[in-house]
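These notes are about the structure you will find just below.
What follows draws every value from the coordinates through simple rules; no lab data is involved. Every value quoted in this text rests on a predicted model; they were computed, and no experiment measured them. For neighbour counting, all protein chains shown are included, and Cβ atoms are generated from backbone atoms with ideal geometry for every residue, glycine included.
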Amino acid sequence: MIRISTRRTLSRAIGAIGVIGVTSLAGALAACAESDEAQNLDGDGGPSVQPAGDDAGDRADADAGPEASAPPAACSPGGWCHTALPPKTTLTGVWGDGAGVVWAIADDGRLLRWESNAWKVHATGLGALRAIWGSGPTDIWLSNGAALLHGVGASPSTLAFTEVETPGDADATITCIWGTGPDDVWAVGGRADIAPYAGRVLHYAAGDAGAHAWTSLDDFAREPMAFSHVWGSAASGVWISGVSYDEDEWSDVGVILRRPAGGADFAAEKLPEDTIYTGSWLARVGGVSTTGTVTTVVGTTSLSLPASWRAISTDNGATFTWTYKNGAGGEFPMNAAFTIAADDAWSAGEYGRLRHWDGAEWTQAAVTTSGSPLTMTFNAMWGAPSKDLWVVGDGIAVRRDLSK
């Protein structure tokens, strides 16, 4: 059982928090998002939106874009290609099947499908969607806050979504979904509006009778923590990030828990603190991603400064060595991450910040297709190594070809 209610408790307990036994694992990456609302489905019947260049009103980081007087291009000098979205679309999450179909969720209840180089509105009225993950092209999970929606069908274009019953505190919003396959899915969330925080960790698997069902990990629910992300891989196991409130320090305290592959319990990872501002620690996680042996975490410290934490394993995911870096997003918080290798990762966040890690530094990517900098917020990213990397947010969806 986890007990982390104060900063002092954390410093004594971290690294030795045995938690809960659950089932096994084997899988890939995480993509999670934020946002809230009801449900109703359309099938495929939404309009098709053809790809186009950046809107004249869009602004980005002016990082080597063309002259402001030139017409907008479809792709930036940095290789980021802008796609046309339906008007007034705020995307909160993105996930792809790795075979050409990409899904994006919106805060107004729309589910979009990228297919044949166009966004199509696949469904509407699903509630304010916060998270998406799938085990394959025809097995997709969504969260609209308190509820989980399951989409199945003969093909991506015929997917129909139904709400499924889930245990636990319905007020603890589900913010992230991840799994290793159709028989092993995790969902986490919580309430972090007032202390003590409350958490929710759910697991989907086959029961003793062979039927699949969601179960609540009650030991997590009893902790005064809200959970924000779940991710993992076959090599590294299952990871969960959470946050509690330290009343002594008047600050959030973040924690990352890992259950190694083949293990039964979760334990806290020991993360390094700020190397410049002594006594500043991880407060909140914004984005996470792992290859199995390399893990990237972006977030903010207890001084509200953007930072990144990198974990590298030299024994195929059995143990990890963590390093800390100030300023993952410059002065702006980052909301998403994608890891390709130890010297190749991306983070995205507020005010059009889309940054690349080269093994030593975070540098701003050239995203703008006009002379004007982007100012919209990036909320989520998803990628398939050696294929595509997608970044979505407030009125924007950009892609980069990773095969080049």
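Under a straight-distance cross-link criterion of Cα-Cα below 18 Å, which lysines are reachable from Lys88, leaving out those fewer than 8 residues away in the same chain?
By straight Cα distance, Lys88 reaches Lys120.
Sort Phe227, Phe161 by Cβ crowding within 10 Å, fewest neighbours at the top.
Placing the least packed residue first, the sequence is Phe161, Phe227.
Which peptide among 249-260, 269-280 comes first, and what is the full order, when sorted by highest mean count of other Cβ atoms within 10 Å?
The peptides rank, most packed first, as 249-260, 269-280.
Quick one: what Rg and Dmax do you get for region 328-377 from the alpha carbons, in Å?
That works out to 10.9, 32 Å for Rg and Dmax.
Please compute one quarter of the surface area of the Cα convex hull for region 154-217 and express it in square nanometres.
Dividing the Cα hull surface by four gives the mean projection, 5.8 nm².
Show the residues, 5+ positions off or on another chain, whose built amide H is closer than 5 Å to the amide H of Ile340.
Those lying under 5 Å, H to H, from Ile340 are Ala345, Trp346.
Checking the cross-link filter: which lysines have an alpha carbon closer than 20 Å to that of Lys270, excluding same-chain neighbours under 8 positions apart?
Lys325
Going by amide H atoms built from the backbone, whose H comes under 5 Å of the H on Asp252, apart from near neighbours?
Those qualifying (amide H under 5 Å, at least 5 residues apart or on another chain) are Asp246.
Give, to the nearest whole percent, the P(r) tail of region 312-404 beyond 23 angstrom, counting all Cα pairs.
That tail contains 26 percent of the Cα-Cα pairs.
Give or take rounding to whole Å, what are the principal axis extents of the alpha carbon atoms in region 112-250, in descending order?
The Cα atoms of region 112-250 stretch 54, 36, 30 Å along the principal axes, largest first.
How much length, in nm to one decimal, is gained on full extension between Asp219 and Ala74, taken as 0.36 nm per residue of separation minus their Cα-Cα distance? Before the final figure, lay out the partial values.
Working: separation 145, 0.36 × 145 = 52.20 nm, distance 4.98 nm.
Gain in length upon complete extension: 47.2 nm.
Multiply the residue gap between Asp344 and Ser116 by 0.36 nm, knock off their C-alpha separation, and tell me the result in nm, one decimal place.
Numbers: separation 228, 0.36 × 228 = 82.08 nm, distance 2.85 nm.
Stretched fully, the Asp344-Ser116 segment lengthens by 79.2 nm.
Rounded if a/c is under 1.5, else prolate if a/b beats b/c, else oblate: with a ≥ b ≥ c from the C-alpha gyration tensor eigenvalues square-rooted, which is region 247-392?
Numbers: a/c = 1.97, a/b = 1.23, b/c = 1.61.
Because a/c hits 1.5 or more and a/b fails to exceed b/c, region 247-392 counts as oblate.
Tell me, what is the FRET efficiency for Glu165 and Leu303 to the nearest 0.05, using R0 = 41 angstrom and their Cβ-Cβ distance as r?
So the FRET efficiency works out to roughly 0.45.
With viscosity set to 0.890 mPa s at 25 °C, what whole-number translational diffusion coefficient in µm²/s follows for region 208-302 from Stokes-Einstein and a Kirkwood radius over Cα pairs? Display every interim value, and only then the final one.
Values: Rh = 14.8 Å.
So the translational diffusion coefficient is about 166 µm²/s.
For Glu115, list long-range residues whose amide hydrogen, built 1.01 Å from N in the peptide plane, is under 5 Å from its own amide hydrogen.
Correct list: Lys120.
Lys404: which lysines have alpha carbons under 21 Å from its alpha carbon, excluding same-chain residues fewer than 8 sequence positions away?
Qualifying lysines at Cα under 21 Å: Lys387.
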